[in-house]
Structures are given as C-alpha cells and as structure tokens.
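Report on one structure; see the data block that follows.
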Amino acid sequence: MNHAEELKHAAEKLALDYELLTGETAAAIINTSFEKFEPFRRQGHLGIMHERSVKLKLSEHEYTFSEQLNDEPLLVFFEQTRENVAVVFKLFKGRYFCQLLEECYGMEYFLTNTHMDYLIAVNWYTIEIVDNDNFL
C-alpha cells in the first residue's frame, strides 16, 4: 500500500473528509510547491533547508504539530517515486492531520495548504516549516 492509500484508510477509519488527487492536478500542486519553496531534499530524508525555516523535533511534535495549522484543507505529497508519483492526499480539516498519523506507519512527506502559502517537510527526525507564522 502506498502512503496516500494508508492515509485514505486512516481517514475512513476516523470519518474525516478527504480526497485523493492524481494525474495533472496532483503534478501541478507538487511542481508549484517545489518551484516556489525549492526544498533541498525531495527524496530520501526530505528537507527544505531554507534560511527562514523553523525546525521542530519529530519525537516531540509528530502527533501535535498540525493542531497549530489554520483549520483549512491540507495537501500531503511524498517523494516522487513510482508508487507516489503525481498523488496528493487532500484532508479537508488540516488540523486533524496528526490524528491520521497515529493510525499510520511512519512516513516522510511534504504538506502545504491549497494556496501554497507554506511548505512543511517531515522526515524521520525533523519537522521543517517555511513561511508559516504559526510556528515562529
């Protein structure tokens, strides 16, 4: 099962509204986010490494950081490997994202909102956030 499918099953278990975006729609979101924020690591241990980024320890914030996000749709995507290429998981109530994670195995991912105002990269060790004032 790929990461988006895992999130889908967790959302169904928790009765959270979601949508899986694929193809050109998903590719456009991913490409726009990458062009706008230019993350340093798009594969492997994902990372932004921007001078304005804020880093949080994953061990302390993995299941709580989304509570600080605005209550708006959240877009989740992954390194663009074969099973995750051009797939975006859209959670309509983004603050509940960490609840989904509690139902999933570990994964690395990127997060943004529908306006792509910020980018969050999560790897096995760090949550890295750029351009989201909620974390300053």
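What to note about this one:
- Look at region 42-61: where a residue is within 27 Å of V85 (Cβ to Cβ) and a partner is among the aromatic types (F, W, Y) and surrounded by fewer than 17 Cβ atoms within 10 Å (Cβ to Cβ), sitting 6+ places away or on another chain with Cβ atoms under 7 Å, you get R42/F34; H45/W124; G47/F40; I48/F40; M49/F40; L58/W124; L58/Y125.
- Within region 99-117, considering residues that are farther than 21 Å from Q43 by Cβ and surrounded by 17 or more Cβ atoms within 10 Å (Cβ to Cβ), the one nearest to the chain's Cα centre (by Cα): N113
- Test result for L21, under 16 Å from N132 (Cα atoms) and either out of contact with any Cys (no Cβ under 9 Å at 6 or more places or on another chain) or of a type in the set (A, V, I, L, M) (or both): no
- Scope region 73-124; condition among the charged types (D, E, K, R) and on the phi > 0 side of the Ramachandran plot; matching residues: none
- Selection from region 19-28 of residues that are touching a residue at least 24 places away in the same chain (Cβ under 8 Å) and open to solvent by less than 60 Å² (accessible area, probe 1.4 Å): L20, L21, G23, A26, A27
- For region 1-21, a residue qualifies if it is over 15 Å from the mean Cα position of the chain (by Cα) and modelled with pLDDT under 95, and exactly one does: M1.
- Taken over region 76-97, the criterion of being open to solvent by 20 Å² or more (accessible area, probe 1.4 Å) and more than 13 Å from L21 (Cβ to Cβ) is satisfied by E79, Q80, T81, R82, E83, K93, R95, Y96.
- Neighbours by Cβ (under 9 Å, 6+ apart or cross-chain): first from region 90-108, over 15 Å from H61 (Cα atoms) and free of Cβ contacts under 8 Å to residues at least 40 places away in the same chain; second open to solvent by 90 Å² or more (accessible area, probe 1.4 Å) and charged (D, E, K, R): none
- Failed condition for Q43, given (1) part of a loop (DSSP other than H, G, I, E, B); (2) surrounded by 13 or more Cβ atoms within 10 Å (Cβ to Cβ): (2)
The values are calculated or read from the model by the stated rules, or taken from the named source; none is laboratory data. Values in this document were obtained by computation on a predicted structure and should not be read as measured data. When we count neighbours, we look across all protein chains shown, and the Cβ atoms used for this are built from the backbone with ideal geometry, even at glycine. Heavy atoms of the whole protein, side chains included, go into the accessibility calculation; ligands, DNA and RNA do not. Shrake-Rupley method; radii C 1.70, N 1.55, O 1.52, S 1.80 Å.
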